[in-house]
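First the structure, in the form of C-alpha cells, and then the observations on it.
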Amino acid sequence: MDHDLIVCGGGPAGLCTAIGAAEGGADVLLIERSKVFGEPVHDSGGSFSGILEEWDLPERIVARRILGTNLIPPSGEVITIDHTEPLGIILERRELNKELAKKASSLGVRIRIDERVVAPIIDGGSLTGVRSVTSEGVESETTGKVIVDATGVGAVLTRAMGMYPEPVKVQRVLGCQYEMADVDIENRDHIDLIFGNRVAPGAYGWIFPKSGNTAIVGLGIHENRIRDRPLGFFLKRFLETEYVAKAVKDAQPIEYHAGVFPVGPMFKSYVRGNFVSIGDSGCQGSPHLGEGIRFVMYNGRIAGQVIGEMVKEGRDEDDLMRIPKRIKKEVYPNYKLLFNIYKKAITLTDDHWNKVLPVIGRYAQSEKGRQRVYKFFYGSITLREMMGMSKEYAFAFRK
Ligand SMILES: Cc1cc2nc3c(=O)[nH]c(=O)nc-3n(C[C@H](O)[C@H](O)[C@H](O)COP(=O)(O)OP(=O)(O)OC[C@H]3O[C@@H](n4cnc5c(N)ncnc54)[C@H](O)[C@@H]3O)c2cc1C
C-alpha cells in the first residue's frame, strides 16, 4: 500500500480527519480538487470560537466575533437575543481551510491539490485505493489501507460505493449569498436570522457581519420549494425585503457564493470495511440550523484518531466501527432531536413565525432562558431542555 490513509477532499472534514490520523502516527495522503484550499467558498462561515482553541487556529481567521442574534420574523419585528458568552464567530472561510492544511502539512500529511478523485479501485472485491486526475489530465492510481470520502455534498466515493441513500431520503437546502461591501447594520456584533416562507422557504436568510462594513447576505431554500426558479430569483427577492433592503441600500456585491447543504438525516451507515464517509458526504452537519463546519471538524478528528490507532496498533478494519459509535456519543447524543427541530421548522407558516420568535425573545430575557436559547443555537440542547422551551412555543401557537 502507498499510504495508511487516503483522504479524498480537503474541506474541514477531510483536513481534520487527516490531522487526527497524522497525530496518531498514520502515513496520510490528502487529495483536493481545488487549486486553492477553501475555494470556491460555498458557505457563510458562522461558527463558534471553541474551534480556535481546539485546533490551535490563529485569531486572524476570524472576520468578526459575535455577541448576539437578531431574529426577524415575517412581520419585520426585530427580536434581539444577547448571548450568554461572546462565543459566536464569523470565519474568513478560505483562511480556515488554509490554516488546517498548513497544520496537516506540519504533521507530515502528503497533500496533492488540483487533483480530482474520480473512482474507487476495487481489487478482488476489496477497496484498495482511488483513481484521480489532475486538471491537466494526468491520471493516477494510489493505494491505501483506509479510504476516507470527504468530498462534501458530491460524495463522490460514497455514491460509487453504493452507500448514498436514495436522494429522496436526504433533505437538501440550496443556498446562495453575496459578500457585500458597505452594508449598513446597526449592531455589527450581532447576526441577523431572517425567517418566513416568502423570504426563505424551508430555511432562513442571514446577514453575517464581517470585518469593516462587509457582510455576508444570503439565504437557504429547501430544494422542494425552489419549483424550477433560479436561486438568483430568491436572492433578489430577499434583498428587496424591507429589513434587508435597508441594510444593503448602499451596498455592492464583492463575491457571490452558492452551495448545497445536505441537512439530514445522517446516514445510518457511513463506514464499510476500510471505507469511511465523513462530513457532508455522510450528511453529518448539524441539521437544525445548517451548521456544518464545527460538527464535521469534530467528526473528522474522531475518524482520524480511530484510523490512527487502528494503523498504529495493527487492529483490523472492524475497529473503524468505533467511529460512528464515538460520533454518536461525543458529538451527536441529540441528533434525532436536532433533525426533528428542522423538520418541524419547515412546516411553520409565516403566522407561526410571527408568534414563535417573539416568544423565544421573551424566553431569553431571563438568565436561564438565555442560556437555553444559547444551547439551542449551539446545538447542544437536550430533549428535556427543549420540552421546557416548547411549552412556551405551544403557548404561542395557541394564541
Ligand atoms: C449556503 C450555505 C451556507 C452555509 N453556512 C454555514 C455556516 O455559516 N456555518 C457552518 O458551520 N456551516 C455552514 N454551511 C455548511 C458547511 O458549508 C458544510 O457543512 C461544510 O463545509 C462541510 O464540510 P466538508 O469538509 O464535509 O465538505 P466541503 O466543505 O464541501 O469540502 C469538500 C472538499 O472536497 C473537495 N472535493 C470535492 N470533490 C472532490 C473530488 N472528486 N476529489 C477531490 N476533492 C474533491 C472540495 O473541493 C472541497 O474542498 C453552509 C452550507 C451552505 C450550502
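What does the charge add up to near ALA364, with Lys and Arg as +1, Asp and Glu as -1, over the other residues with Cβ less than 10 Å from its Cβ? Don't skip to the end; give the middle numbers.
On the way: positive: ARG362, LYS368, ARG370, ARG372; negative: ASP82, GLU367.
Result for the neighbourhood of ALA364: +2.
Placing unit charges on C-beta atoms (Lys and Arg positive, Asp and Glu negative, everything else neutral), compute the dipole magnitude of the chain about its Cα centre in debye, rounded to 20.
On the way: 52 positive and 51 negative charges, 307 e Å.
Dipole about the Cα centre, nearest 20: 1480 debye.
Translational D (Stokes-Einstein, µm²/s) of the stretch 316-399 at 20 °C and 1.002 mPa s when Rh comes from the Kirkwood sum over C-alpha pairs?
Working: Rh = 14.5 Å.
My calculation gives 148 µm²/s for D.
Can you return the aspartates and glutamates within cross-link range of LYS312? Criterion is Cα-Cα under 20 Å, with same-chain partners fewer than 8 residues away left out.
Partners found: ASP2, ASP4, GLU23, ASP27.
Take the alpha-carbon positions of the chain, form their convex hull, and give its projected area averaged over all directions (one quarter of the hull surface) in nm².
Working: hull surface 76.7 nm².
Average of the hull's projected areas for the chain equals 19.2 nm².
Please report the net charge: other residues with Cβ closer than 13 Å to the Cβ of MET266, K and R +1, D and E -1. Intermediate results must be reported in sequence, preceding the final value.
On the way: positive: LYS169, LYS268, LYS328, LYS336; negative: ASP280.
With Lys, Arg at +1 and Asp, Glu at -1, the neighbours total +3.
Rounded to the nearest 10 degrees, what's the angle between the helix 350-363 long axis and the longest principal axis of the chain, both from Cα atoms, 0 to 90?
Here the helix axis deviates by roughly 90 degrees.
Could you point to the residue in MET387, THR349, ILE360 farthest towards the positive end of the stretch 348-398's charge dipole, with +1 and -1 charges on the Cβ of Lys/Arg and Asp/Glu respectively?
Value: MET387.
Cβ under 12 Å from GLU223's Cβ, GLU223 left aside: what net charge do those residues give with Lys, Arg +1 and Asp, Glu -1? Write down the numbers at each step before the final one.
Values: positive: ARG172, ARG225, ARG227, ARG229; negative: ASP228.
With Lys, Arg at +1 and Asp, Glu at -1, the neighbours total +3.
With n ≥ 4 as the cut-off for DSSP H runs, can you work out [θ] at 222 nm for the chain, using -39500 (n - 2.57) per run divided by the number of residues, rounded to the nearest 500?
-10000 deg cm²/dmol
Classify the stretch 309-350 as rounded, prolate or oblate, taking a ≥ b ≥ c as the square roots of the eigenvalues of its Cα gyration tensor: rounded when a/c is under 1.5, otherwise prolate if a/b is larger than b/c and oblate if not.
Details: a/c = 5.96, a/b = 4.58, b/c = 1.30.
Cα axes put the stretch 309-350 in the prolate bin.
Straight-line reach only, C-alpha to C-alpha below 17 angstrom: list the lysines that LYS368 could link to, leaving out same-chain residues fewer than 8 apart.
Straight-line reach from LYS368, under 17 Å: LYS391.
Going through the stretch 71-178, which GluC sites (Glu not before Pro) have at most 11 other Cβ atoms within 10 Å and a DSSP loop state?
Details: sites: GLU77, GLU92, GLU95, GLU99, GLU115, GLU136, GLU139, GLU141; in loops: GLU77, GLU92, GLU136.
The qualifying sites are GLU136.
With charges only on Cβ, +1 for K and R and -1 for D and E, what is the dipole size of the stretch 291-370 about its Cα centre, in debye, rounded to 20?
Result for the stretch 291-370 is approximately 400 debye, rounded to the nearest 20.
Can you list the residues of the stretch 136-177 with backbone N under 14 Å from a point 7 Å past the Cα of VAL118, pointing along Cα to Cβ?
136-142
Can you spot the aspartates and glutamates whose alpha carbon is less than 13 Å from LYS355's alpha carbon? Ignore those fewer than 8 places along the same chain.
Straight-line reach from LYS355, under 13 Å: GLU77, GLU392.
Taking the chain as a Gaussian network, Cα atoms linked when under 10 Å apart, which of GLU53, GLU39, GLU179 shows the biggest mean-square fluctuation?
Between GLU53, GLU39, GLU179, it is GLU53 that shows the largest mean-square fluctuation.
Could you tell me whether the stretch 227-271 comes out rounded, prolate or oblate from its Cα gyration tensor? Rule is a ≥ b ≥ c as square roots of the eigenvalues, rounded for a/c under 1.5, then prolate if a/b exceeds b/c, otherwise oblate.
Details: a/c = 2.86, a/b = 2.47, b/c = 1.16.
It is prolate, given that a/c is not under 1.5 and a/b is the larger ratio.
Take the cross-link list LYS98/LYS344; LYS35/LYS336; LYS343/LYS375; LYS268/LYS344 and give me the ones stretching past 27 Å between alpha-carbons. Show your work: numbers first, answer last.
Numbers: LYS98/LYS344 37 Å; LYS35/LYS336 37 Å; LYS343/LYS375 19 Å; LYS268/LYS344 21 Å.
Violating the 27 Å limit, Cα to Cα: LYS98/LYS344; LYS35/LYS336.
Compare ARG301, ARG110, ARG227 in a GNM of the chain, Cα atoms joined below 10 Å, and give the one with the largest fluctuation.
Among ARG301, ARG110, ARG227, the largest GNM mean-square fluctuation belongs to ARG227.
Counting other beta carbons within 10 Å of each residue's own, what order do SER75, SER286 fall into, fewest first? Walk me through the intermediate numbers first.
Values: SER75 14, SER286 25.
Lowest to highest Cβ neighbour count: SER75, SER286.
Under the rule of at least 5 residues apart or a separate chain, name every residue whose amide H is placed under 5 Å from the amide H of GLU255.
GLU179
To the nearest 10 degrees, how steeply does helix 93-106 sit against the main Cα axis of the chain, on a 0 to 90 scale?
In the chain, helix 93-106 runs at an angle near 30 degrees to the longest axis.
Determine ³J(HN,Hα), in whole Hz, for all residues of the stretch 329-337 in sequence, where each value follows from phi through the Karplus function 6.51 cos²θ - 1.76 cosθ + 1.60 and θ = phi - 60°; x replaces Gly and Pro.
7, 8, 10, 10, x, 10, 4, 4, 4
Mind checking the angle between helix 367-378 and the chain's longest principal axis? C-alpha axes, 0 to 90 degrees, to the nearest 10.
40
Bear in mind these aren't lab numbers, they're just calculated from the coordinates by the rules spelled out. Because the structure is predicted, anything quoted here is derived from the model rather than measured. As a convention, Cβ positions derive from the backbone with ideal geometry for all residues, glycine included, and neighbour counts pool all protein chains shown.
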